[in-house]
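This report refers to the structure that appears directly beneath it.
The values are calculated or read from the model by the stated rules, or taken from the named source; none is laboratory data. Just so we're clear, the structure is a prediction, and the values are computed from it rather than from any experiment. So basically every Cβ, Gly included, is an ideal-geometry build from the backbone, and we count neighbours across all protein chains shown. Accessible surface areas use protein heavy atoms only, side chains included; no ligands, DNA or RNA. Shrake-Rupley method; radii C 1.70, N 1.55, O 1.52, S 1.80 Å.
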Amino acid sequence: MAIAERITSYSARVIQTNYLSYTRLITMKLESGTTVFIGFPEVRPTDWLQFAPSAITIYMTADEYDDVYHILQTEKPVFCTALDLFGLQVGAVHTELDLSIGEPTGEGYQDQSLEALIVRAQNQVTDNKQT
């Protein structure tokens with residue numbers, strides 16, 4: 001799991017193979033040392049978010065490659081969030097989020113925004129460490 005974790009480096013590839021279902025790939029290294037692989041197939045598979053020790057795999061659709069690459073190229077710092085929280089899955093590359101404002105907007109902690117999910121995930125991690 002990665003919760004709004006800073007991306008320290010990345011590489012981008014456009015490839016053609018006879019064994020992958022995608023032609024674009026971005027690999028990112030996070031501050032924790034975790035490696036995140038993002039593949040961009042035409043159709044997102046059902047198991048689009050996968051966690052392994054020190055590695056996360058995310059599949060986004062091919063039309064999202066330019067957006068992710070643009071964020072990595074133009075924004076500093078850039079963060080990655082990858083989590084599965086109570087069945088709500090998120091795989092995101094994003095700019096810094098302001099989580100210091102307290103309760104998220106909308107319906108509070110039931111809000112489905114990225115900020116709300118991150119606040120809930122951080123609270124879950126804190127609760128697990130205290131028990």
Of the residues Glu42, Glu75, which single one is over 14 Å from the mean Cα position of the chain (by Cα) and farther than 23 Å from Ile15 by Cβ? Glu75
If you take the residues of the stretch 35-56 that are open to solvent by 30 Å² or more (accessible area, probe 1.4 Å) and of a type in the set (Ser, Thr, Tyr), which of them is farthest from Gln73 (Cα to Cα)? Thr46
What are the pairs, 6+ residues apart or on separate chains, where a residue within the stretch 1-24 that is in contact (Cβ under 8 Å) with a residue 40 or more places away in the chain and among the acidic types (Asp, Glu) has its Cβ under 7 Å from a residue that is surrounded by fewer than 18 Cβ atoms within 10 Å (Cβ to Cβ) and not in a strand (DSSP E or B)? Glu5/Glu31; Glu5/Ser32
Is it true that Ile71 is in a strand (DSSP E or B) and closer than 17 Å to His94 by Cβ? no
Of the criteria (1) surrounded by 18 or more Cβ atoms within 10 Å (Cβ to Cβ); (2) at pLDDT 95 or above; (3) farther than 25 Å from Phe86 by Cα, which one Thr8 fails: (1)
Just name the residue that is modelled with the highest pLDDT out of those in the stretch 94-117 that are among the hydrophobic types (A, V, I, L, M, F, W, C) and open to solvent by 20 Å² or more (accessible area, probe 1.4 Å). Leu97
